[in-house]
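The values are calculated or read from the model by the stated rules, or taken from the named source; none is laboratory data. Given the structure is predicted, the values throughout are model-derived calculations rather than measurements. As a convention, Cβ positions derive from the backbone with ideal geometry for all residues, glycine included, and neighbour counts pool all protein chains shown. All accessible areas refer to the heavy atoms of the entire protein, side chains included, with ligands and DNA or RNA removed. Shrake-Rupley method; radii C 1.70, N 1.55, O 1.52, S 1.80 Å.
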Amino acid sequence: MAKFLAVEWDNKEIRLVIARQRGNEAVLEQAKTIPLANSSGTAQSITKLLQDALNDQQLKRLECLATVGRPDIELKDLSLPPAPDHELPDMVRFQALRDFTHLGDDWPIDFIPLPGSAEEQRSVMTGAISPTVLAEITQVFTAVDLKLQHLVLRPCAAASLLARRRPQHSQVRMLVDMLGDEVDLTVLVGDTPI
């Protein structure tokens, strides 16, 4: 059974979750927080604390998922002309370059199509992360010899977990995720975060 690691950090702590794959399920083995109280929260200090935690758990070369909080990305709803799904990536990039405040050509972009049909105006929730923030995350994972497989927005990851565990295809719900002095509020229409 393969082990996986999920990691995220903010200016207060590093959060780790270790899980194993059992069939189609992920089985939680351990969850841990590492305070950053005496540390500056720089990539170098996060790398050291994360390396120490991995050494304590004797974890090496794991496939990892990292989550980023809402403050680390630029998020915007975009309206696009009617189009089939396969045309959305190019349309989203073009529109995002026009509508986002700080977006540059080198910013990675991802999006979630919101409910609608290809014959109507399309709405997508679009997120972009600064290459500087992405480089810092990548630097930390490379320094501790972890393979970063996925980078996800924390509210979307929480919404995805809720939708898979408790699907509600026709209801509107609000997910409240409290972390230290932060709170993520995510609205889902059916199982889609909006």
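In region 81-96, the residues that are over 14 Å from Asp110 (Cβ atoms) reach residues that are open to solvent by 80 Å² or more (accessible area, probe 1.4 Å) with C-beta atoms within less than 6 angstrom, at least six apart or across chains, in these pairs: Pro82/Glu119; Pro82/Glu120.
Taken over region 96-111, the criterion of being surrounded by fewer than 16 Cβ atoms within 10 Å (Cβ to Cβ) and not small (Gly, Ala, Ser) is satisfied by Leu97, Arg98, Asp99, Thr101, His102, Asp105, Asp106, Pro108.
If you check Val187 against the conditions, is it in a strand (DSSP E or B) and within 17 Å of Val7 (Cα to Cα)? For Val187, the condition - in a strand (DSSP E or B) and within 17 Å of Val7 (Cα to Cα) - is not met.
Number of residues in region 9-36 that are of a type outside the set (Lys, Arg), within 15 Å of Gly180 (Cα to Cα) and touching a residue at least 24 places away in the same chain (Cβ under 8 Å): the value is 7. Residues that are part of a helix (DSSP H, G or I) and open to solvent by 80 Å² or more (accessible area, probe 1.4 Å) within region 132-149 comprise Thr132, Gln139, Thr142, listed in sequence order.
The single residue among Leu88, Leu78, Leu50 that is touching a Pro at 6+ places or on another chain (Cβ under 7 Å) and modelled with pLDDT of 85 or more turns out to be Leu88. Scanning region 150-194 for residues that are over 25 Å from Glu63 (Cβ atoms), hydrophobic (A, V, I, L, M, F, W, C) and open to solvent by less than 40 Å² (accessible area, probe 1.4 Å) turns up Leu175, Leu188. For Val68, the conditions (1) at pLDDT 90 or above; (2) surrounded by fewer than 16 Cβ atoms within 10 Å (Cβ to Cβ); (3) closer than 30 Å to Ile194 by Cβ are fulfilled apart from (2).
Within region 9-24, is there a residue that is among the basic types (Lys, Arg), closer than 29 Å to Gly190 by Cβ and buried (at least 17 other Cβ atoms within 10 Å of the Cβ)? Within region 9-24, one or more residues are among the basic types (Lys, Arg), closer than 29 Å to Gly190 by Cβ and buried (at least 17 other Cβ atoms within 10 Å of the Cβ).
Only residues that are in contact with an Asp or Glu (Cβ under 6 Å, 6 or more places away or on another chain) and under 29 Å from Trp107 (Cβ atoms) were counted across region 155-171, and they come to 3. In the list Arg20, Arg98, which residue meets the criterion of being part of a helix (DSSP H, G or I) and not hydrophobic (A, V, I, L, M, F, W, C)? Exactly one residue qualifies, and that residue is Arg98. Summed over region 26-43, the residues that are assigned to a helix (DSSP H, G or I) and surrounded by fewer than 12 Cβ atoms within 10 Å (Cβ to Cβ) give a count of 0. Among the numbered conditions (1) among the β-branched types (Val, Ile, Thr); (2) within 17 Å of Leu188 (Cα to Cα); (3) open to solvent by 60 Å² or more (accessible area, probe 1.4 Å), the only one that Val124 does not meet is (3). Among the residues that make up region 52-63, is at least one of them among the hydrophobic types (A, V, I, L, M, F, W, C), closer than 21 Å to Val152 by Cβ and not in a helix (DSSP H, G or I)? Checked region 52-63: at least one residue is among the hydrophobic types (A, V, I, L, M, F, W, C), closer than 21 Å to Val152 by Cβ and not in a helix (DSSP H, G or I). When region 76-95 is examined, which residues are found to be loosely packed, with under 14 Cβ neighbours inside 10 Å and part of a strand (DSSP E or B)? Result: Asp77, Ser79.
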